[in-house]
Structures are given as C-alpha cells and as structure tokens.
Amino acid sequence: MADFFLLELMKTVFITGASSGIGAALAKTYAAQGASLGLVARRREALEQLRLSLPHPERHRVYALDVTDHAALAAAAADFMQAAGPVQVVIANAGISVGTLTEYSGDLAVFERVLQTNLIATVATFAPFIAAMKEIAQQQPCRLVGIASVAGIRGLPGAEAYSASKAAVISYCESLRLELKPSGIRVVTLTPGYIDTPMTQINRYAMPFLMPAEKFAAGAVRTIQAGASYRVIPWQMGVLAKLLRLLPNVIYDFAFARAPRKSRAPQPGAQE
C-alpha cells in the first residue's frame, strides 16, 4: 500500500548528475516506483545505458549536457516539462569534488569550476521549474531537492572549494525554502555523508559510516516524499556532524588540522 501511495505521489522527476553514483541510484529507485524521469549528465552513452536498464525505458528522457551550460539546462527542463507534464521533483545532484589549495594560483580556475557546478548549477537547475510548480503545488506535492554534503557543515583542510560550495548549497536551499513556503513548494536539503560512489572511491583514507548508494537513495526518496527540510544520511553521520558543529574552533582545529586531504588535480574531479 505504501509503495502504491508513493507511486501516486511522485510521478515526474528530473535529476542532474544522473549517470552514476547517487544520481543513478535515485533514478533506479524512482523508476521502480513508476515515475517518469528526466536524466541529465555529461555522458550520453552512460545515460542511455541507464535509461535502457530502467523499467519502462520509453517513459524516460536523457539530456547529455554540462550543468554549467545554463541555456542547455533550461532547454532540457522545458523539453521534459512538455513531454512529461508538470514536474513534481527536481533533484540538483550534479557535483564535482577535488582537492584545492588557495596558495596555488592555478587552483583558482578549479575553485570557479567547483562553485559553478556545485552551487550556481543548483540555482540553474531549479529556476526553470518554479513557475510551473507554483501552479500545481496546492494540488500536488512539489519538491526542489539540493544535494549538499557534510563537508559543508565544517570546512575541511585541502577542500576549500568543495566545502565552501556545499556550505553555500545548504544556505541557499534554506533561503529558497523560506521564499517558496507560501507557494506550497517544499525545498529539501539532503546532506550525504560518505556514500559509495565513483566520487568517493578515489579517496585514500578511511570513510566512517560508508553507505551504499542504493541505501542512500532509499532513505533520500522517503525524505523527499515527507518533504523534510533537512536531513543528513546516514543518521550516524548526522549525529557526528552536529557534534562537530558544536566544537569550539580551538578543539576542531586541533583535531582536523592534520586530517587526510583529497588529492589536487589540474582539472576538477568526476561530475556525478
């Protein structure tokens, strides 16, 4: 009975960063519940493989583009709305993670790319859908979902760009949630801990409470359905994140100044 209710609740879902990791796991979860999907990522072949692996592949549309191309993203949104009708869930999941150090001038371009992908593209993903959502939000559940990270709760050494971008996503979604509350559109901030995806598989350090992407997706979909404003998944990481937030700076600095760092790279890491 619960699965039938969820199928009726969320019929149309638009997901960026859908070709792998969290995005692909979310796509599989929603498709299994009967939703029609708009799937966005840079790799067309990977998107097509995903679409063909889903139940009723004819219901789903793929859009091979970079989310920093705002015109292409808006065109994809318009095409999906025309094909699928009113969109109930939009998930801004595309993101990149790479080590950055402010002292290196060459990393400035990497900073810009990370912020453009993780923050500005979240805005560009939501924007085309808001007007149409406002028309239906009093009759149908509508969700805008931003994917943040526990790295945005407290800054991590060597991850200035990533931590800053995800902290900004959390604050942006909070502002948007308040702005859209009267309309009936709910803004959901999902804050993953360590999730087993291509993005984390390159990490060369221990990752506490590492969770399979499929398990994360199941919890995320329940959270989105409930319209919760903010959720850290897994919950154990949520408890740890709250404790870290409460630590005085002197203790946090002592504990994390020597924390392991993500490797720097000439170009940003994988976009999911």
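Observations, loosely collected:
- Additional length obtainable on full extension of the chain from Ser105 to Ile251, 0.36 nm per residue less Cα span: 49.5 nm
- Residues of type lysines that Lys215 reaches as a straight line, Cα spacing below 23 Å, ignoring anything fewer than 8 places off in the same chain: Lys11, Lys28, Lys166, Lys242
- Peptides 219-227, 10-18, ordered by how many other C-beta atoms sit within 10 Å of their residues on average, highest first, read 10-18, 219-227.
- Pairwise label distance in nanometres, Leu210 with Arg43, each label 7 Å out on the Cα-Cβ vector: 2.0
- Normalised per residue, the volume of the convex hull around the Cα set of the stretch 12-125 (Å³): 92
- In this simple spin-label model, placing a label point 7 Å from the Cα along the Cα-to-Cβ direction at both Ala131 and Ala71 gives a separation of 1.9 nm.
- Comparing Ala255, Ala74, Ala161 in a Gaussian network model of the chain where C-alpha atoms under 10 Å apart are linked, the largest mean-square fluctuation is found at Ala255.
- The Cβ shell under 13 Å around Val239 holds other residues with a net charge of +3, Lys and Arg each +1, Asp and Glu each -1.
- Every helix of 4 or more DSSP H residues in the chain counts as -39500 (n - 2.57), and over all residues that averages to -14500 deg cm²/dmol at 222 nm.
- Cβ-based net charge around Leu65, under 12 Å, with every Lys or Arg adding one and every Asp or Glu removing one: 0
- Shape category assigned to the stretch 47-95 from the gyration tensor of Cα positions, a/c cut at 1.5: oblate
No value in this document is a laboratory result; all are computed from the given coordinates. Everything numeric in this text was worked out from a predicted model, so none of it was measured. Here the Cβ is made from the backbone with ideal geometry for all residues, glycine too, and neighbour counts use every protein chain on show.
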